Structures are given as C-alpha cells and as structure tokens.
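For reference, the structure is listed below as structure tokens.
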Amino acid sequence: MRIALVSLNQKWMDKKANLARCAFFVAEAKALGCELVVFPELTLTSYSLDIHSIAELEQESVTLSEFGILAKKTGLSIIFGACLIGQDEILPSNMFCLALPDGTSKSIYSKIHPFSFAGEDKVLQAGSQVASAKIGMLEFGASICYDLRFPELYSAMAPICNAAIVIANWPMKRVAHWRTLLIARAIENQFFMFGINRTGSDGNGLVYEKSTLAVSPDGFLQNPLVQGEEMDVYDIDIKNTASYRANFPTLRNKRYALYRNFFESLVNVE
C-alpha cells in the first residue's frame, strides 16, 4: 500500500491557505500512485485553543465538506484533524477525521487524552471510545498527539488493528519523546505506527521539526520511497504485521483480563 505522510507547515489560523496546501499535496500524492494521504492534527488551523475561532458545528462543517470534495475528486482517502462540536454538545472535541473516495467525510475519533499541560482539558471535551477504520488492507487505530503517551490506548487497538496512526502538533523541544514513543508503541503491539507531525512554527511561539515517521512492527524505521520537504511517500507491506506476530507472538501473550483486574484493584485502594 502506498501512503503519503504530509509534515504540513501549517499557516496559523488560516483555513483557506492550509486547505490550498492540502489540495496541492493530495494532487502530488495521486500523481505518485498513493491510496492514502495523512495530515497533522487540527490540519487547517494548527494547534490553537481559541475555540471560538476554530470550532465548527459538525453537521455544517466546511472542513469536512472540503476534504470530502477533495477525496472524491482525486479518488484518494484522506486523514485530517479538525475541531468539531456536535449539535447537542456543550464543548467541541479535537477530532481525527477521514474522507473517502466516494465523498464521505466524517470524524471517526475524539481525542481521549486532552493535553492538560496546555489547558486543552478546560476547553475541549475528552473522547471515551477507541476507534478504528479500514482502508484496503490497512486496519488502523486512530489517535491524536498527546494520546501517544498512553500505551493502554494502543494495547486496546492491537487485537483488531495492523497499524495505528497518530496525527500531531508535537513541538521540537520534546521531539525525542515523540520518536521514542512511536517506536515503543510499534514494538509493544507488533503493528505499524505512523506518526504525522507538522513542521515550521505556530502562533504560540512553538517550533517544530520534520519528524514524521513510519515504524514497522519490529520497531524499525521505514525508508520513504519519495522524500520531500513536507511530504514523504512510503510503500508499506501491511502483511508484515501478521507474519511478524506469527513468528514472534508476544501479542497473543497479553493478558487483558488480568490487566483489567490490576486497574480495578487500584480503584478499590483509592
């Protein structure tokens, strides 16, 4: 499967400019024979907690609509991020979204772990459901940025997924954590990890370096077929997940029921 991972240099709070850049990269990906294109967290705005400026009503979202049009026009699947609020919700959510070649475009996952260090938990609603989707042979779990620090989420994905995708705005000053955790999650769960991070700088004064990675189930970094300043293209053999798990079966040794007892014991102690 050929996948384009775009380390988008997002323009601060400029949905129109970022959408135009996304359209450019999707066209490039199509020309290179890709099936899927993935963009960073909060794709059209960059990471801002100015909720009144960035949030969209999910049922009327221009972002969802525009990516749906782009996916249908190009025949590619597109993963992107947006701040969306449901009709009956009080707070919006930081969402992982998917547009398909038939024009369908929707949010599929709400970030379970808001970044409390920055106050995200005060203005955005936390999700409560693990989410997965399938594109061709790729069966992936969805996650967003700070989620990467919580291995339990990826462990829950592992039995039903051969990959996990995390879209992020992860600053350069903590990029060593980003790289280490992506590799760790791949090794722990014996699946592909795709981490898509932005580049450039944002309106918060944070600087980002190109650090988008594709990691194989054995923890090795994948080499891109095509490497660019912002977009890298990978040829991924998804069957490697099943073969690696069969040859070195740590996943089947996970004792989920016992782990659940561990957590219940902790709750009882409190």
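Laboratory data are not the source of any read-out in this text; all were calculated from the coordinates shown. Being a predicted model, the structure only gives us computed values, none of them experimental. Counting neighbours? That spans all protein chains shown, and the Cβs are built from the backbone with ideal geometry, glycine included.
Here is how the numbers come out for the structure above:
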{"quantity": "Centroid-to-centroid separation of the range 1-59 and the range 64-136 [C-alpha atoms, Å]", "calculated": "12 Å"}
{"quantity": "Average Cα contact separation per residue, the range 108-251, under 8 Å, 6 or more apart, as relative contact order %", "calculated": "17 percent"}
{"quantity": "Protection-proxy order for peptides 257-266, 80-89, 23-32, each taking the mean of Cβ atoms within 10 Å per residue, highest first", "calculated": "80-89, 23-32, 257-266"}
{"quantity": "Over the range 2-269, relative contact order from alpha-carbon pairs under 8 Å, at least 6 apart, %", "calculated": "18 percent"}
{"quantity": "Charged-residue dipole, Cβ positions (Lys, Arg, Asp, Glu), the range 2-269 about Cα centre, Debye nearest 20", "calculated": "560 debye"}
{"quantity": "Whole-Å semi-axes of the ellipsoid equivalent to the range 85-139 (Cα gyration tensor, √5λ, descending)", "calculated": "25, 14, 9"}
{"quantity": "Within the range 1-149, percent of DSSP bridges classed antiparallel, to nearest 5", "calculated": "65 percent"}
{"quantity": "Peptide ranges 214-226, 61-73 listed from the most packed, as the mean C-beta count within 10 angstrom indicates", "calculated": "61-73, 214-226"}
{"quantity": "Ranked HIS177, HIS52, criterion: other C-beta atoms within 10 Å, fewest first", "calculated": "HIS52, HIS177"}
{"quantity": "Inter-probe distance in nm under a simple model that places probes 7 Å from Cα toward Cβ, at LYS254 and ASN204", "calculated": "2.9 nm"}
{"quantity": "Projected label distance in nm at ILE160 and LYS73, using a 7 Å step from Cα toward the beta-carbon", "calculated": "3.4 nm"}
{"quantity": "Hits among lysines - C-alpha to C-alpha of LYS11 under 17 Å, sequence gap 8 or more where chains match", "calculated": "LYS210"}
{"quantity": "Built amide H within the under 5 Å cut-off of SER46, gap 5+", "calculated": "MET13"}
{"quantity": "Projected area averaged over orientations for the chain, convex hull of C-alpha atoms, nm²", "calculated": "14.4 nm²"}
{"quantity": "In nm, spacing of pseudo-spin labels at PHE24 and ARG149 (7 Å Cα→C-beta vector)", "calculated": "3.4 nm"}
{"quantity": "Ranked packing of 191-197, 16-22, most packed first, by mean Cβ within 10 Å", "calculated": "191-197, 16-22"}
{"quantity": "Calculated SAXS-style log₁₀ I(q)/I(0) at q = 0.19, 0.21, 0.23, 0.28 Å⁻¹ - the range 123-179, Debye, Cα scatterers", "calculated": "-0.74, -0.86, -0.97, -1.18"}
{"quantity": "Ellipticity estimate at 222 nm from DSSP helix runs (n ≥ 4, -39,500 (n - 2.57)) divided over the chain, nearest 500", "calculated": "-9000 deg cm²/dmol"}
{"quantity": "Sorted by Cβ density within 10 Å, fewest first, the residues ILE112, ILE90", "calculated": "ILE90, ILE112"}
{"quantity": "Burial ordering of ASP202, ASP50, ASP147, fewest other beta-carbon atoms within 10 Å first", "calculated": "ASP50, ASP202, ASP147"}
{"quantity": "Rg/Rg_ref, the range 3-111, where Rg_ref = 2.2 N^0.38 Å and atoms are Cα", "calculated": "1.00"}
{"quantity": "Full-stretch length increase - LEU221, ASP88 - with 0.36 nm per residue and alpha-carbon distance subtracted", "calculated": "43.6 nm"}
